[in-house]
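Trainee: Structure in structure tokens, see below.
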Amino acid sequence: PKQVAPLITFVLGGPGSGKGTQCAKIVETFGFKHLSAGDLLRREMISDSEYGSSILNTISEGKIVPSEVTVKLILREMEASDNQKFLIDGFPRSEENRAAFEQIVGAEPRFVLFFDCPEEEMVKRVLSRNEGRIDDNIDTMRNRLKVFEALNLPVIDYYSKKGKLYRINAVGTVDEIFEQVRPVFEACEQ
Ligand code: UP5
Ligand code: MG
């Protein structure tokens, strides 16, 4: 059937909880367009954009880039895509992000995935990743965890109260975790 409104899924979870890894599996199996807010910001950061240096500073400190910047990047990608099924990864990170998205994009997610992972596991994963990310060091990681707890958990709580949240236990192998994710998307294909 022809889809009139985009199908939006938010993918949330702490730093290193496995959002990007699981999104790749969802794309492969269910044909979504993956939009990682962090990847979009990193791409903007190394481009000639006027926001470049402020994004760099914010990410280095593990803080949150202003909503209008991030929402603009996400919206641009949504408009440029023929796909109407979007996985928005790592966004919204705060209630302010959430409100800005709703206001500017004029849409809400159909459902929200939350990759629930213990802190020590997230720290281990992030510090053993070797991709040269400027925020993958112990000091920034501590801030990322603090910001996650203070600002992102309330968003997760909001969607839980709305009955839109699917909590996934993010400990285990990539495939074991995907077996918890799969039924959520199978249900929405019917
Ligand atoms: N790994 C994955 N799954 C595993 C498993 N089951 N078992 C063992 N290892 C596993 O995974 C992390 C690492 O763990 C990888 O090496 C992976 O192989 C391994 P990944 O899938 O990359 O996890 P993810 O949750 O995507 O981790 P990421 O570090 O990307 O999460 P963050 O939320 O910290 O990063 P993001 O890129 O979203 O944001 C970075 C920064 O950008 C933020 O801190 C913020 O400063 C800024 N930002 C904003 O300001 N606004 C936004 O809207 C978005 C970002
Ligand atoms: Mg990621």
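Each reported figure results from applying straightforward, stated rules to the coordinates on display, with no laboratory input. Because the structure is predicted, anything quoted here is derived from the model rather than measured. Every residue, glycine as well, gets a Cβ built from its backbone with ideal geometry; the counts of neighbours run over all protein chains shown.
Trainee: If a/c stays under 1.5 just call it rounded; otherwise compare a/b with b/c (prolate if a/b is bigger, oblate if not). Do that for segment 44-190, with a ≥ b ≥ c from the square roots of the Cα gyration tensor eigenvalues. Spell out each step's value before the answer.
Mentor: Working: a/c = 1.58, a/b = 1.09, b/c = 1.45.
Oblate is the answer for segment 44-190, as a/c is 1.5 or above yet b/c matches or exceeds a/b.
Trainee: Counting other Cβ atoms within 10 Å of each Cβ, which GluC sites (Glu not before Pro) in segment 131-190 have at most 12 and sit in a DSSP loop? Write out the running numbers ahead of the final one.
Mentor: On the way: sites: 131, 149, 176, 179, 186, 189; in loops: 131.
For GluC sites (Glu not before Pro) across segment 131-190 that sit outside H, G, I, E and B with at most 12 neighbouring Cβ atoms in 10 Å, the list reads 131.
Trainee: Something else: What shape does segment 1-124 have by the C-alpha gyration tensor, where a ≥ b ≥ c are the square roots of the eigenvalues, rounded means a/c under 1.5, and otherwise prolate means a/b greater than b/c and oblate the rest? Could you put the intermediate results ahead of the total?
Mentor: Values: a/c = 1.63, a/b = 1.14, b/c = 1.43.
Oblate.
Trainee: Just in segment 30-74: which GluC sites (Glu not before Pro) are loop by DSSP and have at most 12 other Cβ atoms within 10 Å? List each step's numbers first, then the result.
Mentor: Working: sites: 44, 50, 61, 68; in loops: 50.
Counting only loop positions with at most 12 other Cβ atoms within 10 Å, the GluC sites (Glu not before Pro) in segment 30-74 are 50.
Trainee: So which lysines pass the test for residue 162, namely a Cα distance under 25 Å, with those fewer than 8 places away in the same chain ruled out?
Mentor: 19, 33, 85, 146
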